[in-house]
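The structure follows.
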Amino acid sequence: MRTIIEPFKIKSVEPIFFTSKEERVKILEEAFYNPFLIHSNKVLIDLLTDSGTSAMSSDQWAGIMRGDESYAGSPSFFRFEAAVKNITGMPLVIPTHQGRASEKILFSILGGKGKYFISNTLFDTTRANIEFSGAEGVDCLCKEGKLPTVPAPFKGNMDLELLEKTIQEKGAENIPLVIITVTNNSGGGQPVSMANIKAVRKICTTYNIPLFIDACRFAENSYFIKLREDGYQNTSVENIAKELFSYADGCTMSAKKDAFANIGGFLAMNDPALAQQCRNLLVITEGFPTYGGLAGRDLEAIAIGLVEVLDENYLQYRIRSIEYLTNKLIDAGVPVMQPAGGHAVYLDAKGFLDHIPVDQYPGQALVGALYLEGGIRGVEIGSLMFGKYDDNGKLIPAQMELVRLAIPRRVYTQSHIDYVAEVIIEVYQNRKQFKGLTIVEEAPLLRHFTVKMKPSTN
Ligand code: F0G
């Protein structure tokens with residue numbers, strides 16, 4: 001088989017920033033070992049997130065010029081609305097400035113004390129918005145999804161038995177929504193199968209609970225279904241995506257992922273009464289319903305991106321490029337989440353830095369090591385992001401200690417990725433020299449964004 005090439009040519013380039021190791025020692029210390037506090041012009045390869053970091057196409061840039069900035073009834077809104085309706089089949093489309101703005105609106109309306117939202121795994125902003133409303137989030141991820149190094153085709157699936165048990169325990173009347181995150185970002189970017197979505201739909205129907213999709217990476221998930229699920233090999237990814245959405249009553253979306261936009265999001269749904277409530281909140285928080293939190297030009301970029309992302313040459317390259325890096329690491333014995341996910345490589349920090357106890361945050365220590373050795377910026381998805389404290393102030397660790405290296409869409413080439421593999425392998429070979437970290441200062445919600453840390457002394 002021939003090499004799967006980047007399905008684009010490059011018209012405009014941006015600099016990347018080289019620093020010396022001596023400089024990075026200082027930068028890391030001044031950033032309190034928190035990658036979010038490092039200035040991006042001190043990062044060589046930035047894998048902090050695939051969100052809002054995509055390279056837009058020449059068509060999208062053309063759309064930016066076409067954007068109509070009318071306050072009400074802009075044609076850019078109607079193009080955006082048509083694109084979202086076409087894929088989701090949902091008639092009510094509400095633009096927001098990004099995914100968490102959709103979440104804030106939805107959970108302010110449906111959340112509150114005594115309510116529970118069940119998911120395969122809630123992303124951190126989703127969980128935070130649920131908890132901020134006074135409600136609780138419950139993750140019911142399938143068993144294989146919690147075992148980083150055990151490969152399975154659909155490790156993002158919901159545990160159906162646990163879902164039903166949780167519904168019975170909490171009471172269906174206290175569960176405003178079940179939410180399936182595709183792909184499961186916090187669990188390794190792993191896909192959810194169509195069979196699982198259908199089965200969740202059936203359970204939701206039985207208990208009369210609406211089903212929503214957190215659709216950030218719907219195209220990547222749909223492509224995995226085409227590759228891995230029986231009966232879909234000859235179905236277009238567009239039709240797979242349409243089928244996936246057909247089982248849901250609504251969705252939240254961050255257009256910063258699978259719409260190749262630098263900003264944007266939306267809510268889409270079938271229920272007019274709920275949509276009305278959402279729009280009422282939208283006008284006081286985001287904006288008028290035909291622009292939400294966005295400029296007309298952003299609406300154009302999203303409308304075009306939603307079409308481009310379903311191009312199967314693009315998706316083949318996208319999924320293959322993540323697998324390429326994952327396989328290089330597996331071949332070198334580096335512990336990584338298997339199989340490769342859709343948008344990122346997830347290092348298993350517990351296995352990688354097995355000399356660092358979980359209360360010294362091996363994931364964050366590994367993030368620091370990758371920056372120090374190669375100027376690469378990743379993010380911890382482990383006990384720093386999801387850990388809680390018990391009544392005695394002892395850390396209740398997360399299920400997994402992962403480091404995510406998220407690959408921005410259409411941004412880096414194969415040689416960038418080869419460099420990343422070389423650095424990770426080198427860090428792995430010298431892993432014993434890296435130390436754990438201790439928290440100096442932290443916020444009560446989403447602490448990983450602002451946390452200050454220092455190297456542990458023992
Ligand atoms: N849901 C999922 C599954 C996400 O991955 C994100 C964002 C959101 C919701 C919120 O969207 O950022 O537009 O407000 N994930 C980014 C990331 C931040 O790095 O994975 P947003």
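The values are calculated or read from the model by the stated rules, or taken from the named source; none is laboratory data. Please read these numbers as outputs of a predicted model, since none were measured by experiment. Cβ sites come from the backbone with ideal geometry, for glycine too, and all protein chains shown count toward neighbours. We work out accessible area using only protein heavy atoms, side chains counted, and drop any ligands, DNA or RNA first. Shrake-Rupley method; radii C 1.70, N 1.55, O 1.52, S 1.80 Å.
Which members of segment 107-126 meet the condition of being touching a residue at least 40 places away in the same chain (Cβ under 8 Å) and within 20 Å of the chain's Cα centre (by Cα)?
Going residue by residue through segment 107-126, those that are touching a residue at least 40 places away in the same chain (Cβ under 8 Å) are 108-111, 114-126.
Those that are touching a residue at least 40 places away in the same chain (Cβ under 8 Å) and within 20 Å of the chain's Cα centre (by Cα): F117, I118, S119, N120, T121, L122, F123, D124, T125, T126.
Which one of the conditions (1) within 16 Å of the ligand (Cβ to nearest atom); (2) touching a strand residue (DSSP E or B) at 6+ places or on another chain (Cβ under 7 Å) does E81 fail to meet, given that it meets all the rest?
(1)
So T413 fits all but one of (1) surrounded by 14 or more Cβ atoms within 10 Å (Cβ to Cβ); (2) in contact (Cβ under 8 Å) with a residue 40 or more places away in the chain; (3) under 21 Å from I322 (Cα atoms); what number is the exception?
Answer for T413: the failing condition is (1).
Would you please name the residue that is nearest to the ligand (Cβ to nearest atom), looking only at residues in segment 234-276 that are assigned to a strand (DSSP E or B) and hydrophobic (A, V, I, L, M, F, W, C)?
M253
If you scan segment 54-79, which residues turn out to be of a type in the set (F, W, Y) and touching a Phe, Trp or Tyr at 6+ places or on another chain (Cβ under 8 Å)?
Y71, F77
Can you tell me which condition L315 does not meet? The list is (1) more than 30 Å from H448 (Cα to Cα); (2) assigned by TED's automatic domain parsing to the domain that holds A82, and all the others hold.
(2)
Just the residues that are touching a strand residue (DSSP E or B) at 6+ places or on another chain (Cβ under 8 Å), farther than 14 Å from L110 by Cα and at pLDDT 95 or above, please, taken from segment 123-144.
Answer for segment 123-144, where residues must be touching a strand residue (DSSP E or B) at 6+ places or on another chain (Cβ under 8 Å), farther than 14 Å from L110 by Cα and at pLDDT 95 or above: V138, D139, C140, L141, C142.
Filter segment 84-107 for residues that are assigned to a helix (DSSP H, G or I), out of contact with any Phe, Trp or Tyr (no Cβ under 7 Å at 6 or more places or on another chain) and within 16 Å of the ligand (Cβ to nearest atom) and give the result.
Correct list: G99, R100, A101, E103, K104, I105, L106, F107.
Here's a check for you: in segment 120-154, which residue that is out of contact with any Ser or Thr (no Cβ under 6 Å at 6 or more places or on another chain) and assigned to a strand (DSSP E or B) is farthest from the ligand (Cβ to nearest atom)?
E136
Now for a different question. Is it fair to say D418 is in contact with a Leu (Cβ under 6 Å, 6 or more places away or on another chain) and either over 19 Å from L28 (Cβ atoms) or assigned to a helix (DSSP H, G or I) (or both)?
The answer is no for D418.
Additional query: Taking the criterion of being within 27 Å of N157 (Cβ to Cβ), buried (at least 22 other Cβ atoms within 10 Å of the Cβ), assigned by TED's automatic domain parsing to the domain that holds I167 and within 16 Å of the ligand (Cβ to nearest atom), would at least one residue in segment 108-116 satisfy it?
yes
Of the residues that make up segment 424-435, is at least one free of Cβ contacts under 8 Å to residues at least 24 places away in the same chain and buried (at least 17 other Cβ atoms within 10 Å of the Cβ)?
no
Residue check: is L353 touching a residue at least 60 places away in the same chain (Cβ under 8 Å), in contact with a strand residue (DSSP E or B) (Cβ under 7 Å, 6 or more places away or on another chain) and of a type outside the set (D, E, K, R)?
So L353 fails the test.
Right, something else. How many residues does segment 179-222 contain that are under 21 Å from L267 (Cα atoms), among the hydrophobic types (A, V, I, L, M, F, W, C) and away from the ligand (no atom under 15 Å from the Cβ)?
5
Would you check which residues across segment 53-77 are open to solvent by 20 Å² or more (accessible area, probe 1.4 Å) and under 30 Å from L402 (Cα atoms) and list them?
Within segment 53-77, T53, A55, M56 qualify.
Is it true that F80 is open to solvent by 20 Å² or more (accessible area, probe 1.4 Å), assigned by TED's automatic domain parsing to the domain that holds A273 and of a type in the set (A, V, I, L, M, F, W, C)?
no
What do you reckon, is Y33 touching a residue at least 60 places away in the same chain (Cβ under 8 Å), more than 16 Å from the ligand (Cβ to nearest atom) and surrounded by 14 or more Cβ atoms within 10 Å (Cβ to Cβ)?
Taking the combined requirement at face value, the residue satisfies it.
Still on this structure: Before we move on, is E312 of a type in the set (D, E), under 25 Å from A62 (Cα atoms) and crowded, with 21+ Cβ neighbours inside 10 Å?
no
Quick check on my filter: what residues within segment 14-46 are in contact with a strand residue (DSSP E or B) (Cβ under 8 Å, 6 or more places away or on another chain) and not assigned by TED's automatic domain parsing to the domain that holds S415?
The one that is in contact with a strand residue (DSSP E or B) (Cβ under 8 Å, 6 or more places away or on another chain) and not assigned by TED's automatic domain parsing to the domain that holds S415: I16.
Do the conditions hold for D391, that is, is it surrounded by fewer than 17 Cβ atoms within 10 Å (Cβ to Cβ) and not assigned by TED's automatic domain parsing to the domain that holds D124?
Details: surrounded by fewer than 17 Cβ atoms within 10 Å (Cβ to Cβ): yes; not assigned by TED's automatic domain parsing to the domain that holds D124: yes.
It is true that D391 is surrounded by fewer than 17 Cβ atoms within 10 Å (Cβ to Cβ) and not assigned by TED's automatic domain parsing to the domain that holds D124.
Within segment 277-293, identify whether any single residue is within 14 Å of the ligand (Cβ to nearest atom), in contact (Cβ under 8 Å) with a residue 24 or more places away in the chain, in the same structural domain as I167 (by TED's automatic domain parsing) and of a type in the set (V, I, T), and answer yes or no.
Step one: of segment 277-293, the residues within 14 Å of the ligand (Cβ to nearest atom) are 285-286, 292-293.
Next, only the ones that are in contact (Cβ under 8 Å) with a residue 24 or more places away in the chain stay: 285-286, 292-293.
Those left that are additionally in the same structural domain as I167 (by TED's automatic domain parsing): 285-286, 292-293.
Now narrow it down to the ones that are of a type in the set (V, I, T): 285.
Yes, some residue in segment 277-293 is within 14 Å of the ligand (Cβ to nearest atom), in contact (Cβ under 8 Å) with a residue 24 or more places away in the chain, in the same structural domain as I167 (by TED's automatic domain parsing) and of a type in the set (V, I, T).
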